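A short worksheet on the structure shown next.
The values are calculated or read from the model by the stated rules, or taken from the named source; none is laboratory data. Model, not experiment: these values are computed from the prediction. All Cβ positions, glycine included, derive from the backbone under ideal geometry; neighbour counts span all protein chains shown.
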Amino acid sequence: MKAMIGCVAILLSMMGITSEATAMDESKANLTEKGGVSPIVRDNHERGKDKIGNVINFLKSYPVSKILPGLTKVPHRNLPEIPLEKWLGSVMGDTPLRWQGGDCAAHDSDVDGCVSFLVDVNTPKDRCPSVELRFIVDQEATVHLMYEGSKVNDFGARGSLEQLADLERVLREVKAKTVPNQPSSSTIDRLRARKGTDVALYAAGLDVRHFDPSLPSERFDKWLERNTGWSFRWMTSPGYFHHCGFTSLEVYVRPIMDAERRSPPVYISMNLGTWEEEIKGEPKLHLYVIGKYPGSENEKFDPVENLSALKKIIDAWKVAPKRIAPKAIVSKPLLPTYKPTVPVVQNMTPLGDFSRIRSTPTWHCYGHILSLWKYGERVFGTHHDIGGQCADSREPTHIIRDVKFDPKTGKLEFWSYGIPGYKFVGKMDQNMVAGEFLGMYEEEAVKLKRNKDHDGPLLDSEKNIEAWCKDYAPKIRYVVEKDLEELCKSLGVNGKR
């Protein structure tokens with residue numbers, strides 16, 4: 001684990017005991033205790049969100065020069081070594097700021113809960129330019145600016161922040177591009193009660209001739225129901241009234257489900273403009289037929305040419321044979337079965353899956369996953385050292401070699417990371433694998449928790465070595481194929497099924 005050093009000065013400064021100068025002198029201290037978890041973060045997890053003020057006070061006094069960028073591989077531009085709250089005051093002037101926090105940003109399997117907290121710092125509602133900053137206080141008491149969600153808005157302009165040092169520049173650029181919010185006498189001004197239902201009623205009452213001059217004059221909602229024989233729901237986008245940005249003013253129209261939970265596969269949206277620019281020209285209507293992506297439950301939207309074509313789609317759907325709705329199906333749920341066509345002989349035993357994964361404010365994941373099995377007197381397994389985007393870590397899965405395990409003492413040794421690689425020395429018990437990779441950095445000491453979610457019958461690949469080598473192992477994410485082939489060959493299994 002990482003070497004730990006004291007943090008008394010900064011913690012005391014948060015309680016008003018030390019001076020600002022003392023806090024800054026001691027700001028280089030690592031604020032973690034044994035276990036790598038900030039006492040500030042840990043205490044907030046244990047005592048609940050009513051103590052989130054501790055995290056906010058810590059963030060306010062945190063040296064702005066130490067705040068890490070929101071994007072990886074972005075050069076860090078230095079700022080003055082003064083508290084964040086004081087620096088923001090020098091940049092924003094007399095603009096008041098709201099500091100809000102409490103949401104959990106990341107978990108750690110060694111802590112059994114939240115170890116990183118999200119804090120939002122915003123200008124008051126309807127203040128222009130509006131500034132939105134999002135910070136993460138992580139398990140090591142380090143502060144990161146979140147790229148996603150940190151931005152500056154003004155009338156007609158918007159700018160994002162890669163790091164906090166961008167704030168002054170982005171504020172200047174946004175103000176230079178600002179479009180004044182001119183008063184208007186248009187119809188849309190009468191809808192500024194900011195109620196989505198008002199906007200939806202306005203859109204529903206538009207003349208259908210706006211969208212198809214060949215049609216007779218009629219309210220759009222009445223035309224839809226009369227020509228399709230179906231009822232529709234009119235909804236607005238939740239963010240339609242954003243005060244400082246050119247947020248689209250849109251209405252969404254979906255058919256209502258009938259008693260059997262069926263509805264025509266159509267979708268309508270109407271763009272009325274934006275709150276600041278109001279309605280420009282005629283409202284824009286977008287028509288779609290809803291389908292499914294091949295092999296997926298996700299919806300896809302194919303454009304429909306005009307209202308007449310939309311009516312034909314609904315008419316065709318109404319006369320087409322219908323599936324029995326899920327609600328009408330009365331049957332017992334089918335339980336999964338694990339009966340193979342040809343029963344396999346159990347000749348191996350799973351010893352367990354062990355892991356510890358951490359996530360960072362920039363949505364990177366790092367950690368280890370270790371899986372172990374026993375075949376005869378031989379123990380073998382896989383080791384995945386995760387590093388990269390949480391959804392797409394491309395680090396290889398290694399086949400561990402030269403495994404030595406003593407079931408009496410729990411002592412475990414093996415080699416990983418290719419050849420020559422690194423040797424792991426540690427211990428396995430009913431709950432954990434703990435140890436370190438010799439020759440690597442101190443932070444490569446690991447504590448991996450046992451995965452206890454494997455209930456129910458064993459799969460063939462968990463009890464038969466041939467099934468493991470031919471059906472399961474080749475599908476392991478980014479497995480080193482050469483090492484896998486050598487392992488299976490040494491276990492007496494050759495070739496792929």
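Odds and ends about this structure:
- Residue within the range 277-288 that is of a type in the set (A, V, I, L, M, F, W, C), in the same structural domain as residue 258 (by TED's automatic domain parsing) and at pLDDT below 80 present: yes
- Scanning the range 112-134 for residues that are among the charged types (D, E, K, R), farther than 13 Å from residue 55 by Cβ and at pLDDT 85 or above returns 132, 134.
- Selection within the range 460-497: residues that are closer than 20 Å to residue 376 by Cβ and of a type in the set (A, V, I, L, M). The member of this set that is nearest to the chain's Cα centre (by Cα) is 473.
- Flag if residue 366 is touching a helix residue (DSSP H, G or I) at 6+ places or on another chain (Cβ under 9 Å) and at pLDDT below 90: no
- Strands (runs of 3 or more DSSP E) contained in the range 130-179 and holding at least 2 residues touching a Pro at 6+ places or on another chain (Cβ under 7 Å) and either buried (at least 20 other Cβ atoms within 10 Å of the Cβ) or in the same structural domain as residue 91 (by TED's automatic domain parsing) (or both): 143-145, 151-154
- Within the set 238, 213, the sole residue that is more than 28 Å from the chain's Cα centre (by Cα) and at pLDDT below 90 turns out to be 213.
- Of all residues in the range 194-208 being at pLDDT below 85 and out of contact with any strand residue (DSSP E or B) (no Cβ under 6 Å at 6 or more places or on another chain), the one that is surrounded by the most Cβ atoms within 10 Å (Cβ to Cβ): 202
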